[in-house]
1. For Q516, only one of the following conditions fails: (1) surrounded by 14 or more Cβ atoms within 10 Å (Cβ to Cβ); (2) part of a helix (DSSP H, G or I). What is its number?
2. Give the residue that is surrounded by the most Cβ atoms within 10 Å (Cβ to Cβ), with candidates limited to residues of the range 213-235 that are of a type in the set (S, T, N, Q) and in contact (Cβ under 8 Å) with a residue 40 or more places away in the chain.
3. Please determine whether any residue of the range 248-267 is assigned by the TED database to the domain that holds A107, part of a helix (DSSP H, G or I) and more than 30 Å from Y321 (Cβ to Cβ).
4. When only residues in the range 94-124 that are open to solvent by less than 30 Å² (accessible area, probe 1.4 Å) and more than 18 Å from the chain's Cα centre (by Cα) count, which is nearest to E193 (Cα to Cα)?
5. For the range 380-407, give me each residue that is under 17 Å from G322 (Cα atoms), of a type in the set (S, T, N, Q) and in a loop (DSSP other than H, G, I, E, B).
6. Can you confirm whether the range 345-358 contains a residue that is among the β-branched types (V, I, T) and touching a helix residue (DSSP H, G or I) at 6+ places or on another chain (Cβ under 8 Å)?
7. Evaluate the following for I155: is it crowded, with 19+ Cβ neighbours inside 10 Å, touching a residue at least 24 places away in the same chain (Cβ under 8 Å) and not hydroxyl-bearing (S, T, Y)?
8. How many of the residues in the range 393-420 are of a type outside the set (D, E), closer than 27 Å to S454 by Cα and either buried (at least 17 other Cβ atoms within 10 Å of the Cβ) or in contact (Cβ under 8 Å) with a residue 60 or more places away in the chain (or both)?
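The values are calculated or read from the model by the stated rules, or taken from the named source; none is laboratory data. The shown structure was predicted, so the numbers you read here are calculated from the model rather than taken from an experiment. Glycine gets a Cβ as well: all are built from the backbone with ideal geometry, and neighbour counts include every protein chain shown. These accessible areas exclude ligands, DNA and RNA; they are computed on the full protein's heavy atoms, side chains included. Shrake-Rupley method; radii C 1.70, N 1.55, O 1.52, S 1.80 Å.
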Amino acid sequence: MSNDENNAAEAAAELEKLDCRRNRRTSLQFIDKNVIRRRSSGNEKQGQPPPQRLYSISSHPDREPSDLDHLQQYTTASDSDSDAEDECSVNIRELEHKNQAGFTDFAVRRIKHAQYGRREIEIAEQEMPGLMALRRRAEVDKPLQGAKIVGCTHIIAQTAVLIETLIRLGAQVRWCSCNIFSTQNEVAAALAEESVPIFAWKGQSDDDFWWSIKKAIGTEQGWQPNMILDDGGDLTHYCHKHYATLFSTMKGIVEESVTGVHRLYQMCRTQTLTVPAMNINDSVIKTKFDNLYLCRESVIDGIKRCTDILFGGKQAVVCGYGEIGKGCCSALRGMGCFVFVTEIDPICALQACMEGYRVVRLEEIIKQVDIVVTASGSKFTITRDSLDKMKNGTIVCNMGHSNTEIDISFLREPSSSDLQVEHVRNNVDHVIWPNGKRIVLIAEGRIMNLCCSSVPSFVVSITAATQALALIELYTAPTNRYKCDVYLLPKKMDEYVASLHLPAFDAHLTELSDDQCKYLGINKAGPFKPNYYRY
């Protein structure tokens, strides 16, 4: 073969390789995670060279644009939340907020990450069959047409599904967060991108928290709510203190937490409750599923994410053996822990004994346990004296709603305390004594599962469907059906919520015969148990 033929063959081979490189799929080579986080923060200083590329592309410089090129512009949803502390110095309240449609009545951390929140919401929808079924069934009738609902709940993907369901059922909504640590920033951004007035971001100060509640109420914008959906009672308390005139046109309040319900009953006793209120927390469907099954799965997840602990062989004490305490004890024992229980109620204490747990007073075992979980719904279940007696390295966390179960006055008034607080990682602090002893405090004593882990969407679907039905019931009820009192959800509605979720398990209910119905004295369509029945 001549030189010319050789050159021609080599040229043809090079062209073939070039075509191959042009047409083959782009390969990605990821680099340091810190680079990813710096890119996602949006705080790069002007004048500094741009950070290293998120990935390198193995192809010819003249290649056609790839479908993967857009990845240069974005980070992942998990990374976007990891840099929350990088922007804590930014005053969210003073920023100019605007979505792509020009809507400005909201305050979130990063509207640019709305696309990630939308994906989180879509994932949650797949695991919330009951609420989605309720949306499909009631969407045509619009039972909440004319309702103006102000909500104060955890801002997570599952709550967003509830909010969008209420909108699809005809309601107008304004929303804020009931917890300064539990907000998923991407989800808040996704709601804001859909022009939902929402005021929530992770890591709010106390001042931000109350500012957000005021903005959500919306009187400055000429908006007047006629229903409240609350989690913890803070929104109800704020409205009662600062906007008492709103209750003259209010249809009702729906409350889902132990603390919030306790506040409602106090208002009822002092005759300051001027509208009907629905107690969701003590409905059968919420108590048995949200409190028990959700906490059973999330307590382990939350502690593990925060501390990387090995549970096997550890000694744990759970303060309170209600439904939440039962779920926590079951999960901890299942992971190999020796579990102690503290209780004030002899019935709950006897239940704990029957399950094989040792019921003790806290002072009897506080010096030896490795993990302390509060689930009492009370105040100062763990005191400073309790903290002083704990051994080095003890993990302390709260699974109850409020942040009052653990005495954290040393966090609120650091100048007057002899303890030092060292921030270790997100939602994890070391509390250090003068002698060098330290304990691990999770989420500053606030509810751990929603602050530090994900929660099962399926269980939240049960609670969310219950909330939606309670809102519909109060809004559509005849004027004199409900007085200024606190009511439990009718059992028929509890059963309806359960029936919405059974198809997900391909469950088939047995139907009673007419003779059986007559013998039992119940209707074929339910309710199947009297109000006094204990499930």
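1. (1)
2. N226
3. Within the range 248-267, one or more residues are assigned by the TED database to the domain that holds A107, part of a helix (DSSP H, G or I) and more than 30 Å from Y321 (Cβ to Cβ).
4. This residue is N99.
5. T381, S402
6. no
7. yes
8. Number of matching residues: 14.
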